[in-house]
Amino acid sequence: MDFSREIYWNTGPEFFSLFLMFFLLLLAVAVAVKGVTRLVTTYRKGRPFGRRLKGKTMLRNLAGVLFQNKVARGSFSGKFHRALFWSVLVLMVGSLLIALQTHLSEPVFGIKFLKGSFYGLFSLVLDLGGLIGTGALGYFLAKRIRSKDAKCRTGKIAVLLMLLAVFLTGFAVEGMRVASTEMNSVKSLWSPVGYTLALIFEGIGQGGLLSLHRVLWWVHAVLAFGFIGLIPYTAMKHMLTASATSFLAEQGPKAALVPLNLADESVETFGAAHVHDFNWKDLLELDSCTQCGRCDEVCPAFNIGIPLSPMGIVGKINEISFNSPQEGIIGLVGNDAIWSCTTCLACEEVCPVSIVHVDRIVEMRRNITLMEGEFPGPEVQQAMERIEVTGNPFGSSPSIRDSLIEELNVIDLSARPTADVVYFSGCYASYNERSKNVARSFIQLCQSAGINVAILGKQEQCCGEPARKLGNEYLFQELAMKNIRRIRKYGINTVVTTCPHCFNTLNKDYRDFGFTAEVISHTEYLERLLVESKLKIKAEKFSCTYHDPCYLGRHNEIYGPTRNLIMAAGGRLSEMDQHHQKALCCGAGGGRFLAQTLRGKKMNIKRAEMAASTGTDQLVTSCPFCLTTLEEGMKQTGNSGMKVRDIAEVLADII
């Protein structure tokens with residue numbers, strides 16, 4: 001098979017055609033560059049981005065951009081978006097190959113590669129790519145026409161129609177060329193869409209066909225170059241911004257907050273009150289939002305009527321960054337929205353372009369707390385004061401932690417600084433009567449496995465997680481340094497905790513302050529003991545469902561250990577409608593368990609109803625916050641007969 005085609009067939013005089021082509025190209029590039037410059041100027045209103053991305057991270061992110069994995073995951077529309085992305089990419093590569101041969105390889109080196117079998121495959125791939133793209137555009141047009149958002153609908157429909165016009169005129173031009181030059185050739189079979197249209201066009205007559213082809217060829221060129229030039233000014237700019245955001249996404253510890261340098265006397269303000277308080281990468285992220293609404297769909301607060309819209313927050317801050325950068329962002333976003341977030345990470349889990357929502361919210365909380373001295377309510381202010389004085393948010397005596405030494409029959413590190421592991425009990429297991437039973441069960445399991453467990457007793461203070469998530473970075477850092485110094489003092493190598501919030505804080509946040517000990521959640525540790533045959537249990541049949549705590553699941557991607565332990569214990573697990581990455585938040589995270597006026601009671605009720613609908617005997621979890629809020633939810637929904645238990649309690653009954 002040896003065939004090719006004339007590239008600029010029937011476009012007019014060669015010199016005039018090339019001159020006009022290059023003029024349109026330069027004009028499109030100039031307009032696009034001006035638009036990109038405007039975007040970059042806006043992003044540069046933010047602070048410098050102080051971290052460097054690793055090469056492996058960037059390669060991994062590049063693969064994510066090309067394969068559109070997050071975009072397509074769990075979304076019907078996302079799969080059409082991936083199809084459109086690849087269609088446009090294929091057509092762009094095809095156009096570049098044509099330009100490369102026409103203006104460089106053939107005239108300069110005498111090399112013509114668009115011929116023979118390669119040309120046939122080239123034609124087929126471009127035809128199919130264009131067909132898939134046209135179908136995807138039709139889907140998105142239908143979706144936008146049905147949209148209730150008039151402003152969003154009008155702007156995006158116009159852009160989609162323009163891109164669809166580029167595709168359709170391209171096919172029409174191809175069909176006319178095939179009708180004029182390839183109808184009796186095998187070449188036409190390698191352009192199936194063009195050949196199908198050629199069957200329609202061949203009845204026009206050669207003269208009319210040539211005239212119509214020439215007009216439509218230039219219409220297609222003007223539309224294509226016009227679309228390129230308008231990309232930075234329309235919703236299609238996310239082709240650039242979303243790709244850049246995904247490419248620059250960090251692959252470090254998930255949702256790890258950046259510590260504030262509180263000792264820097266040159267810093268006049270902490271947190272974010274204006275757009276210039278964010279860094280340039282933050283502003284790029286905000287502008288890359290496609291307004292797809294996935295974050296709102298999964299936000300537990302938004303879905304029970306609490307005034308928090310992750311998409312709305314992103315949109316409002318982005319609008320200020322372009323239109324009124326000196327305006328304060330907190331007043332526009334609203335205190336209710338800022339304080340309502342449970343930091344469950346559901347929004348970030350589903351965001352197709354890797355926007356970080358929680359960090360932005362915590363930055364605004366930091367400003368409100370550190371600069372204005374405000375909290376969501378007087379009960380939170382009181383809890384912060386209690387932590388400062390007693391080392392726990394309940395105001396209970398630190399000596400109560402010492403009472404656990406005798407009560408749980410564990411080693412007192414201050415008296416005997418040697419043990420296999422140190423149990424960081426956390427405030428709930430130390431002071432909340434319901435959670436104390438979880439601590440007892442965990443210690444009992446460890447002792448049955450021959451593990452020597454020690455605790456810090458009254459030397460342990462709150463890990464600082466509630467204070468940090470509520471914006472009180474000063475108090476968090478003070479608590480962190482105290483705990484780190486005391487753990488280092490005894491040369492501790494392994495720390496186990498029954499609280500996912502403590503686990504996340506010690507394992508991620510404390511690392512920024514030089515903490516090096518291994519930190520492991522109790523569910524992982526118990527699974528390890530079981531695998532090593534140190535922990536012996538007698539399996540008994542029971543039915544249950546499991547609630548994934550946000551700070552074990554989405555924050556740390558730990559989903560298997562508790563389920564494995566349930567199975568080993570003889571449990572028949574029935575998953576709720578929302579589980580693993582899609583698990584619904586109990587409503588107590590982000591420090592909200594301290595804010596009685598904002599506490600997510602409706603969230604725990606909704607989750608309790610989901611659990612009850614499984615028809616199982618009990619609800620198993622592995623977080624003290626979830627344990628207490630879901631027990632409360634069961635009572636309020638009239639399902640108090642369904643037990644809510646920690647996995648340690650389940651296992652302790654069958655050793």
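Going residue by residue through region 510-521, is there one that turns out to be small (Gly, Ala, Ser), in contact with a Pro (Cβ under 9 Å, 6 or more places away or on another chain) and over 17 Å from residue 438 (Cα atoms)?
No.
So, residue 647, is that one hydrophobic (A, V, I, L, M, F, W, C) and open to solvent by 50 Å² or more (accessible area, probe 1.4 Å) or not?
no
Report yes if residue 84 is in contact with a helix residue (DSSP H, G or I) (Cβ under 9 Å, 6 or more places away or on another chain), part of a helix (DSSP H, G or I), open to solvent by 70 Å² or more (accessible area, probe 1.4 Å) and of a type in the set (A, V, I, L, M), otherwise no.
In short, no.
If only one of 467, 429, 439, 454 is out of contact with any helix residue (DSSP H, G or I) (no Cβ under 8 Å at 6 or more places or on another chain), buried (at least 20 other Cβ atoms within 10 Å of the Cβ) and within 17 Å of residue 506 (Cβ to Cβ), which one is it?
That would be 454, the only listed residue that is out of contact with any helix residue (DSSP H, G or I) (no Cβ under 8 Å at 6 or more places or on another chain), buried (at least 20 other Cβ atoms within 10 Å of the Cβ) and within 17 Å of residue 506 (Cβ to Cβ).
From 143, 112, 187, grab the single residue that is over 32 Å from the mean Cα position of the chain (by Cα), among the basic types (Lys, Arg) and assigned to a helix (DSSP H, G or I).
After ruling out the rest, the residue left standing is 187.
Results for (1) under 18 Å from residue 553 (Cα atoms); (2) touching a strand residue (DSSP E or B) at 6+ places or on another chain (Cβ under 6 Å), shown as yes or no for each residue.
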residue	(1), (2)
604	yes, no
607	yes, no
612	no, no
615	no, no
619	yes, yes
625	yes, no
633	no, no
637	no, no
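Can you find a residue that is more than 26 Å from the chain's Cα centre (by Cα), open to solvent by 20 Å² or more (accessible area, probe 1.4 Å), farther than 26 Å from residue 442 by Cβ and acidic (Asp, Glu) anywhere in region 597-609?
The answer is yes; a qualifying residue exists.
Search region 349-388 for residues being under 19 Å from residue 589 (Cα atoms) and touching a Cys at 6+ places or on another chain (Cβ under 8 Å), and hand back the single one that is most open to solvent (accessible area, probe 1.4 Å).
Checked region 349-388; the qualifying residue most open to solvent (accessible area, probe 1.4 Å) is 350.
Any residue in region 458-476 that's of a type in the set (Phe, Trp, Tyr): show its pairings with residues that are part of a helix (DSSP H, G or I) at Cβ separation under 7 Å, as long as the two are six or more apart or on different chains.
Between residues of region 458-476 that are of a type in the set (Phe, Trp, Tyr) and residues that are part of a helix (DSSP H, G or I), the close pairs are 474/370; 476/467; 476/468.
A quick yes/no check of all residues on (1) modelled with pLDDT of 95 or more; (2) open to solvent by 50 Å² or more (accessible area, probe 1.4 Å); (3) closer than 23 Å to residue 85 by Cβ; (4) of a type in the set (A, V, I, L, M):
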{"site": "108", "(1), (2), (3), (4)": "no, yes, no, yes"}
{"site": "127", "(1), (2), (3), (4)": "yes, no, yes, no"}
{"site": "132", "(1), (2), (3), (4)": "yes, yes, yes, yes"}
{"site": "175", "(1), (2), (3), (4)": "yes, no, no, no"}
{"site": "186", "(1), (2), (3), (4)": "no, yes, no, yes"}
{"site": "189", "(1), (2), (3), (4)": "no, yes, no, yes"}
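Checking the condition more than 22 Å from the chain's Cα centre (by Cα), surrounded by fewer than 14 Cβ atoms within 10 Å (Cβ to Cβ) and either under 20 Å from residue 630 (Cβ atoms) or of a type in the set (D, E, K, R) (or both), which residue from 527, 532, 557 passes?
532
Which condition does residue 72 not pass, out of (1) crowded, with 16+ Cβ neighbours inside 10 Å; (2) closer than 15 Å to residue 248 by Cα, if it passes all the others?
Unmet condition: (2).
Does region 340-348 contain at least one residue that is surrounded by fewer than 17 Cβ atoms within 10 Å (Cβ to Cβ) and touching a residue at least 24 places away in the same chain (Cβ under 8 Å)?
No; the residues of region 340-348 include none that is surrounded by fewer than 17 Cβ atoms within 10 Å (Cβ to Cβ) and touching a residue at least 24 places away in the same chain (Cβ under 8 Å).
Give the residues of region 460-490 that are part of a loop (DSSP other than H, G, I, E, B), within 28 Å of the chain's Cα centre (by Cα) and more than 22 Å from residue 342 (Cβ to Cβ), sorted by residue number.
Selection gives nothing.
Check 27, 97, 114 and return the single one that is within 30 Å of residue 212 (Cβ to Cβ), touching a Phe, Trp or Tyr at 6+ places or on another chain (Cβ under 8 Å), touching a residue at least 24 places away in the same chain (Cβ under 8 Å) and open to solvent by 80 Å² or more (accessible area, probe 1.4 Å).
Among 27, 97, 114, only 27 is within 30 Å of residue 212 (Cβ to Cβ), touching a Phe, Trp or Tyr at 6+ places or on another chain (Cβ under 8 Å), touching a residue at least 24 places away in the same chain (Cβ under 8 Å) and open to solvent by 80 Å² or more (accessible area, probe 1.4 Å).
Taking residue 615 as meeting all but one of (1) surrounded by fewer than 20 Cβ atoms within 10 Å (Cβ to Cβ); (2) part of a helix (DSSP H, G or I); (3) in contact (Cβ under 8 Å) with a residue 40 or more places away in the chain, write down the number of the exception.
Of (1) surrounded by fewer than 20 Cβ atoms within 10 Å (Cβ to Cβ); (2) part of a helix (DSSP H, G or I); (3) in contact (Cβ under 8 Å) with a residue 40 or more places away in the chain, only one is false for residue 615: (2).
Would you call residue 546 open to solvent by less than 10 Å² (accessible area, probe 1.4 Å) and touching a residue at least 40 places away in the same chain (Cβ under 8 Å)?
The answer is yes for residue 546.
For region 298-313, indicate whether the set of residues that are open to solvent by 10 Å² or more (accessible area, probe 1.4 Å) and under 21 Å from residue 233 (Cα atoms) is non-empty.
yes
Quick check on region 568-578: of everything there that is touching a strand residue (DSSP E or B) at 6+ places or on another chain (Cβ under 7 Å) and open to solvent by 20 Å² or more (accessible area, probe 1.4 Å), which residue is farthest from residue 537 (Cα to Cα)?
575
Would you check if residue 169 is part of a helix (DSSP H, G or I), among the β-branched types (Val, Ile, Thr) and modelled with pLDDT of 95 or more?
Yes; evaluated as a whole, the condition is true for this residue.
With respect to residue 19, is the statement that it is of a type outside the set (A, V, I, L, M) and either surrounded by 15 or more Cβ atoms within 10 Å (Cβ to Cβ) or not in a helix (DSSP H, G or I) (or both) true?
Here the answer is no, as residue 19 does not meet what is asked.
Which ones in region 42-58 are part of a helix (DSSP H, G or I) and modelled with pLDDT of 85 or more?
Selection gives 42, 43.
Is it the case that region 594-610 has a residue that's more than 27 Å from residue 379 (Cα to Cα), assigned to a helix (DSSP H, G or I) and either touching a residue at least 60 places away in the same chain (Cβ under 8 Å) or not basic (Lys, Arg) (or both)?
There is at least one residue in region 594-610 that is more than 27 Å from residue 379 (Cα to Cα), assigned to a helix (DSSP H, G or I) and either touching a residue at least 60 places away in the same chain (Cβ under 8 Å) or not basic (Lys, Arg) (or both).
Of all residues in region 388-417, how many are in a loop (DSSP other than H, G, I, E, B) and without any contact (Cβ under 8 Å) to a residue 24 or more places away in the chain?
Looking only at that region, the number is 3.
With the requirement that a residue be open to solvent by less than 10 Å² (accessible area, probe 1.4 Å), among the hydrophobic types (A, V, I, L, M, F, W, C), farther than 21 Å from residue 594 by Cα and at pLDDT 95 or above, what does region 471-514 give you?
Within region 471-514, 484, 495, 496 qualify.
State the number of residues belonging to region 31-57 that are in contact (Cβ under 8 Å) with a residue 40 or more places away in the chain and open to solvent by less than 60 Å² (accessible area, probe 1.4 Å).
Count: 11.
The values are calculated or read from the model by the stated rules, or taken from the named source; none is laboratory data. These numbers come from a predicted model, not from an experiment. Here the Cβ is made from the backbone with ideal geometry for all residues, glycine too, and neighbour counts use every protein chain on show. The area values use the complete protein model at the heavy-atom level, side chains included, leaving out ligands, DNA and RNA. Shrake-Rupley method; radii C 1.70, N 1.55, O 1.52, S 1.80 Å.
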